[in-house]
1. List the helices (runs of 4 or more DSSP H) that sit entirely inside segment 78-173 and contain at least 1 residues that are basic (Lys, Arg) and loosely packed, with under 14 Cβ neighbours inside 10 Å.
2. Go through segment 102-132 and give me each residue that's under 29 Å from residue 172 (Cα atoms) and of a type outside the set (Val, Ile, Thr).
3. List pairs: first in segment 85-106 and farther than 14 Å from residue 47 by Cα, second in a helix (DSSP H, G or I) and among the polar types (S, T, N, Q), Cβ under 8 Å, 6+ apart or cross-chain?
4. What is the one condition in (1) in a helix (DSSP H, G or I); (2) touching a helix residue (DSSP H, G or I) at 6+ places or on another chain (Cβ under 9 Å); (3) among the aliphatic types (A, V, I, L, M) that residue 61 does not satisfy?
5. Inside segment 61-92, can you point out the residues that are over 21 Å from residue 25 (Cβ atoms), hydrophobic (A, V, I, L, M, F, W, C) and more than 18 Å from the chain's Cα centre (by Cα)?
6. For a quick check of your reading of the model, give me the residue pairs whose first member lies in segment 158-179 and is more than 26 Å from residue 23 (Cα to Cα), whose second is at pLDDT below 95 and surrounded by fewer than 19 Cβ atoms within 10 Å (Cβ to Cβ), with beta-carbon atoms closer than 8 Å and at least 6 apart or on different chains.
7. Could you please give the count of residues in segment 27-70 that are touching a strand residue (DSSP E or B) at 6+ places or on another chain (Cβ under 9 Å), more than 30 Å from residue 120 (Cβ to Cβ), surrounded by fewer than 18 Cβ atoms within 10 Å (Cβ to Cβ) and of a type in the set (S, T, N, Q)?
Amino acid sequence: MAALSTESLVEQMSWRYAVKKFDPKRAISPADWAALEQTLVLTPSSYGLQPWRFIVITDPAVKAQLPAMSWGQSQPAQCSHYVVFAARTTLSAGHVDRIVQRTSEVRGVPAEALAGYRGMMMKTLVPPMPGFEIRHWAQLQAYIALGNFMTAAAVVGIDTCPMEGIERDKYDALLGLGADGFATAVACAAGYRAPDDRYSTMAKVRYPAAEVIRHV
């Protein structure tokens, strides 16, 4: 399998920026979107528990409601695909057993052989250790998925904009997340930059590597 060159990787990361204005006439192709969805599915998570749901919004009527819940930002309505990253608010023994069963099915090993794996998760998470908050932990996992998604999109030339300036409780109500045991963590708009988005040509402002990277 041919790997992306390091030069191409840095080039695409330099090309990427948080798009302020999307071209509403350009849509991500079904094939490209299917690949990006797989990058969400393939995102790593703590214990492999995948405590998230990814709500993909393409319905114009739903997208039109989102700017009012997003501090007046237009990206949710303009973009091709809008992803809401939702995180679990609680975790039960049933959730642990489900991933154990899934692991058994995928890897072809008896569930009994995974007793140590199950026990480790139960000891740590059900109930959670003192000072360990499931909702906060799950939100952090969702951010791993966000980073994975944005990087993958940039590599294939698709624009994104992470969205934290949102009213999460209103998102939850619109999407009916609470009833499923999830809550909005963050969102991301994906599509293609508008030709007149002035931010696309602005130089990136970053501290020198020597200031932010330490080798030991």
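1. By residue number, 93-107, 115-125.
2. 102, 121, 122, 125, 127, 128, 129, 130, 131, 132
3. 87/139; 87/141
4. (2)
5. 68, 69, 71, 91 - these are the residues of segment 61-92 that are over 21 Å from residue 25 (Cβ atoms), hydrophobic (A, V, I, L, M, F, W, C) and more than 18 Å from the chain's Cα centre (by Cα).
6. Here the result reads 172/178, each pair linking segment 158-179 to a residue that is at pLDDT below 95 and surrounded by fewer than 19 Cβ atoms within 10 Å (Cβ to Cβ).
7. Count: 1.
The values are calculated or read from the model by the stated rules, or taken from the named source; none is laboratory data. The model shown is predicted, which means the values in this text are computed figures rather than measured ones. When we count neighbours, we look across all protein chains shown, and the Cβ atoms used for this are built from the backbone with ideal geometry, even at glycine.
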